[in-house]
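For reference, the structure is listed below as structure tokens.
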Amino acid sequence: MKTLWQHCHVASMAHGQYSIIEDAAIVTEGAHISWIGTRTEMPPQGDVQTVDLNGMWVTPGLIDCHTHTVFGGNRSGEFEQRLQGVSYAEIAAAGGGIASTVRATRAASEDQLYTSAERRLKHLLKDGVTTVEIKSGYGLDLENERKMLRVARRLGEHLPVTVRATCLAAHALPPEYKDRADDYINHICGEMLPALAAEGLVDAVDAFCEYLAFSTDQVEQVFITAGQLGLPVKLHAEQLSSLHGSSLAARYQALSADHLEFMTEEDAIAMGAAGTVAVLLPGAFYFLRETQLPPMDALRKHGVNIAIATDLNPGTSPGLSLRLMLNMACTLFRMTPEEALAGATIHAAKALGMAETHGSLEVGKVADFVAWNIERPADLAYWLGGDLEKRVVRHGIESTF
Ligand code: DI6
Ligand code: FE
């Protein structure tokens, strides 16, 4: 089935650039784009179904490349504690934080996790997201990490969204391994990752490199195992302190290093040279009331591609709108709306290893796009949330919500 989508303007992100086509036409054949360009230059298309987009602006489907959408419980009580002046690290040290979500996630059945995650994911989809990455990391043992990853897979089967599942078993130390971090890392590398990978549940491997989580040596072991299993790696790095995890990530050709507020210029040089994407998470920066900004100038100077994501999680970023994150990236991190949009499309695709097929509107790519009833593309980073009028097309078919 061939469809012509016309009477629209396009911000295509072709070749990784912010490029505009006014009075555009897009032809889709099945799930792919077979032609895109200025309408008046379109060659005859033969038998085709035509959709009039009434002057809407078309962008690639938004890609949320860093989320922890699947989890049990929530932590609004800790939010209240932090408002009273207790720090994130103090809450974690007292057995709250990630550990409290681990307890709630372990206690939840797979169906319960599915139901709550689906509810959250629908918010992202209503906001124009067509691809999402979902991490495990609140199970912290084989059975419960498997449960989380299975939920991630099921979400992709039942909702109109492409899901990439990332194993984040090295997120925190589970209580059974208290004071035995090296043993837990050995368990991840020896048992958990090989088993979960063999079950086809893992698209990438992530870890939390931080003074209150895992050291660079421990992360390196996880990266080596991922490499042996043929899986790409990513890293939570430099969120609260500088351990140079982002340089380690670059050394292992990581798809991305994420957070990065405390990274140095040397880290940026290493990431630029390796093509490792910087995933910035302004929701977590905002929600933790951080003051150390990621080094935007160094990232730009050294040619690091910058992506923006929600980090949707119960502790540090309960963010249900990727568009709101675009605004925060501009307001808090001084990005331009063009940079922010590239960060939620083509650079986000690269952070998931999907840039060959997703993230921009070009011939041969997957026909995932959103037609927005807005006046200019910058409007996407301008409005603070809300439910913008839009039409979402995934794999060449219009989604209905
Ligand atoms: N960094 C984060 O911001 C989240 N995980 C991580 O490694 C926080 C997760 C949580 O607090 O539940
Ligand atoms: Fe995260």
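The values are calculated or read from the model by the stated rules, or taken from the named source; none is laboratory data. What you are looking at is a predicted structure, and each value in this text was computed from that prediction instead of being measured. With ideal geometry, Cβ positions are generated from the backbone for all residues, glycine too; neighbour counts draw on all protein chains shown. Just the protein is used for accessible areas: all its heavy atoms, side chains included, with ligands, DNA and RNA removed. Shrake-Rupley method; radii C 1.70, N 1.55, O 1.52, S 1.80 Å.
Looking across the range 120-143, just one residue is open to solvent by 10 Å² or more (accessible area, probe 1.4 Å) and within 15 Å of ligand 1 (Cβ to nearest atom), and that is Arg120. If only residues of the range 1-36 that are at positive phi and part of a strand (DSSP E or B) are counted, the one that is surrounded by the most Cβ atoms within 10 Å (Cβ to Cβ) is His7. Screening the candidates Tyr138, Tyr177 for the property of being out of contact with any Ser or Thr (no Cβ under 6 Å at 6 or more places or on another chain), hydroxyl-bearing (Ser, Thr, Tyr) and either closer than 27 Å to Gly385 by Cα or in the same structural domain as Val205 (by TED's automatic domain parsing) (or both) yields one hit, Tyr177.
On inspection, Gly385 passes the criterion of being of a type outside the set (A, V, I, L, M, F, W, C) and over 28 Å from Trp35 (Cβ atoms).
Applying the criterion of at least 1 residues that are surrounded by 20 or more Cβ atoms within 10 Å (Cβ to Cβ) to the strands (runs of 3 or more DSSP E) found wholly in the range 307-401 leaves 369-372, 390-394.
Look at Thr225 and say whether it is in a strand (DSSP E or B), of a type in the set (S, T, N, Q) and open to solvent by less than 30 Å² (accessible area, probe 1.4 Å). It is false that Thr225 is in a strand (DSSP E or B), of a type in the set (S, T, N, Q) and open to solvent by less than 30 Å² (accessible area, probe 1.4 Å). The set of residues in the range 255-271 being open to solvent by less than 10 Å² (accessible area, probe 1.4 Å) and away from ligand 1 (no atom under 15 Å from the Cβ) consists of Asp267, Ala268, Met271. Of Ala117, Ala99, all but one fail to be assigned to a helix (DSSP H, G or I), open to solvent by less than 40 Å² (accessible area, probe 1.4 Å) and in contact (Cβ under 8 Å) with a residue 40 or more places away in the chain; the exception is Ala117.
Look at (1) farther than 16 Å from Gln292 by Cα; (2) open to solvent by 10 Å² or more (accessible area, probe 1.4 Å); (3) within 14 Å of ligand 2 (Cβ to nearest atom) and you find that Ala274 fails only one, number (3).
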